[in-house]
Amino acid sequence: MLNENIKTIRKSKGLSQEELAEKLHVVRQTISKWEQGLSVPDSDMLIAISEVLETSVSTLLGENVAEKETDELKEIAERLEIINSEFAKRKELRRKTLHIMFITLCALTVIITAVLIFLNSPYKSWDYSNIETAVLSTAFHSFEWLFARISPVILIGSAIGIALTRSKYTVVALSSFVGKRCGK
């Protein structure tokens, strides 16, 4: 609700994200994150936004009630605490999901490696006079060859991922690293 209200009121005032950012002494990306609901302004910034947009903080937060001067800051703090709590829950869920994915990837790599070792390249003794058998053995050999080369990288990468996502504080560093590598 806060994100939609900031965007709606900003547009109704005829301000671009860049113009609002200049007036608040922040970067345009900060305004974008607020409007997308990816982050929330702190209480001091919320007051500054209300002054620049010439509206009450309670209107920004979604209230259509008469202004309550005495309890307004306390109410803002409570709402921000709830919003921050929701963001913390989302981050923790993302961290746990990544952690489980890395553990699964590591386990699958070990299982596939064990199966390939147990099978011991059975295609070597197959009869290649049949075209279907020849194609199947080529595909099996290609998979085995490729997997043998990339499995160490997968195993090391997933082990590092497990280590980085085991603590809720390291997920920030991991997401920052992945974001930089992906160009975000």
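The values are calculated or read from the model by the stated rules, or taken from the named source; none is laboratory data. The structure presented is a predicted model; accordingly, all values stated were derived computationally and were not measured. All Cβ positions, even for glycine, are placed from backbone atoms using ideal geometry, and neighbour counts span all protein chains on display.
Considering region 58-74, and only residues there that are at pLDDT 80 or above and under 29 Å from the mean Cα position of the chain (by Cα), the residue that is farthest from Ser16 (Cα to Cα) turns out to be Leu61.
Listed here are the residues, each with its yes/no results for (1) assigned by TED's automatic domain parsing to the domain that holds Leu164; (2) hydrophobic (A, V, I, L, M, F, W, C).
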site	(1), (2)
Thr30	no, no
Val40	no, yes
Met45	no, yes
Glu51	no, no
Thr55	no, no
Lys74	no, no
Ile83	no, yes
Phe102	yes, yes
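Here is a check on your reading of the model: is Ala107 outside the structural domain of Gly161 (by TED's automatic domain parsing), under 27 Å from the mean Cα position of the chain (by Cα) and either in a helix (DSSP H, G or I) or polar (S, T, N, Q) (or both)? Explain how you work it out, then say what you get.
Working: outside the structural domain of Gly161 (by TED's automatic domain parsing): no; under 27 Å from the mean Cα position of the chain (by Cα): yes; either in a helix (DSSP H, G or I) or polar (S, T, N, Q) (or both): yes.
Considered against the rule, which asks whether it is outside the structural domain of Gly161 (by TED's automatic domain parsing), under 27 Å from the mean Cα position of the chain (by Cα) and either in a helix (DSSP H, G or I) or polar (S, T, N, Q) (or both), Ala107 comes out as no.
Inside region 27-55, residues that are surrounded by 18 or more Cβ atoms within 10 Å (Cβ to Cβ) and aliphatic (A, V, I, L, M) make up a count of 5. Going by the structure shown, is Leu105 surrounded by 11 or more Cβ atoms within 10 Å (Cβ to Cβ), touching a helix residue (DSSP H, G or I) at 6+ places or on another chain (Cβ under 7 Å) and closer than 16 Å to Ala163 by Cα? Answer is yes for this residue.
The residue that is surrounded by the most Cβ atoms within 10 Å (Cβ to Cβ), among those in region 10-26 that are charged (D, E, K, R) and assigned to a helix (DSSP H, G or I), is Arg10. Answer yes or no: is there a residue in region 163-180 that is modelled with pLDDT of 90 or more, of a type in the set (A, V, I, L, M, F, W, C) and not in a loop (DSSP other than H, G, I, E, B). Scanning region 163-180, I find at least one residue that is modelled with pLDDT of 90 or more, of a type in the set (A, V, I, L, M, F, W, C) and not in a loop (DSSP other than H, G, I, E, B), so the answer is yes. Are any of the residues in region 78-85 buried (at least 17 other Cβ atoms within 10 Å of the Cβ), out of contact with any Ser or Thr (no Cβ under 7 Å at 6 or more places or on another chain) and basic (Lys, Arg)? The answer is yes, given that some residue of region 78-85 is buried (at least 17 other Cβ atoms within 10 Å of the Cβ), out of contact with any Ser or Thr (no Cβ under 7 Å at 6 or more places or on another chain) and basic (Lys, Arg).
Does at least one position in region 29-47 carry a residue that is in a helix (DSSP H, G or I), in contact with a Gly (Cβ under 6 Å, 6 or more places away or on another chain) and modelled with pLDDT of 90 or more? For region 29-47, residues in a helix (DSSP H, G or I), in contact with a Gly (Cβ under 6 Å, 6 or more places away or on another chain) and modelled with pLDDT of 90 or more: absent.
Among all positions in region 115-127, there is at least one residue which is surrounded by fewer than 15 Cβ atoms within 10 Å (Cβ to Cβ), modelled with pLDDT under 90 and at positive phi. Scanning region 21-61 for residues that are small (Gly, Ala, Ser) and either out of contact with any helix residue (DSSP H, G or I) (no Cβ under 9 Å at 6 or more places or on another chain) or within 19 Å of Phe87 (Cα to Cα) (or both) returns Ser32, Gly37, Ser39, Ser43.
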